[in-house]
Amino acid sequence: MSLLDDLQDLSSAEEFFAFLGVEYEPEVVHVARLHIMRRMGQYLRGSEVEGVLEQADDAALFALCRDHLAQAYADFVASSPIEERVFKVHKEAVEPKPEPNRPFVPLTALTGE
């Protein structure tokens, strides 16, 4: 069984922290668990682009996952989920809204002339 198989069997953020041996404060994970796990995934996808994941053995992959989880956790210790904007709904909340399309009705249409 490979490390990736072991990781797929985990079902909670706390299990990831325990399995990878990353220290954490339960209060932080309670508030930002989905954000932390999503950020870890973003970091791992960045490594995938760099080709690190394909070349790593289980020991190197374990260290990479541990480092990325610790980095993702640290992001949310120093900041909040709203400030980090990991999810689309948070990103869209601060995007400038387009001006509404206001239909033009000429004055002549109202007066019947």
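Overall, the range 1-53 carries a charge dipole of about 280 debye about its Cα centre when +1 sits on the Cβ of Lys and Arg and -1 on the Cβ of Asp and Glu, all other atoms neutral.
Label separation (Q8 vs K97): 4.4 nm, computed from points 7 Å beyond Cα along the C-beta direction.
Packing here is the average count of other Cβ atoms within 10 Å per residue, and on that basis the peptides 59-70, 14-25, highest first, run 59-70, 14-25. Length gained on full extension, H30 to A63: 9.5 nm, using 0.36 nm per residue less the C-alpha separation. Taking 0.36 nm per residue of sequence separation and removing the Cα-Cα distance, the K88/V52 pair yields an extension gain of 10.3 nm.
Rule-based calculations on the coordinates, nothing more; no lab input. Computed from a predicted structure; not experimentally measured. Neighbour counts are summed over all protein chains in view; Cβ atoms, including those assigned to glycine, are modelled from backbone coordinates with ideal geometry.
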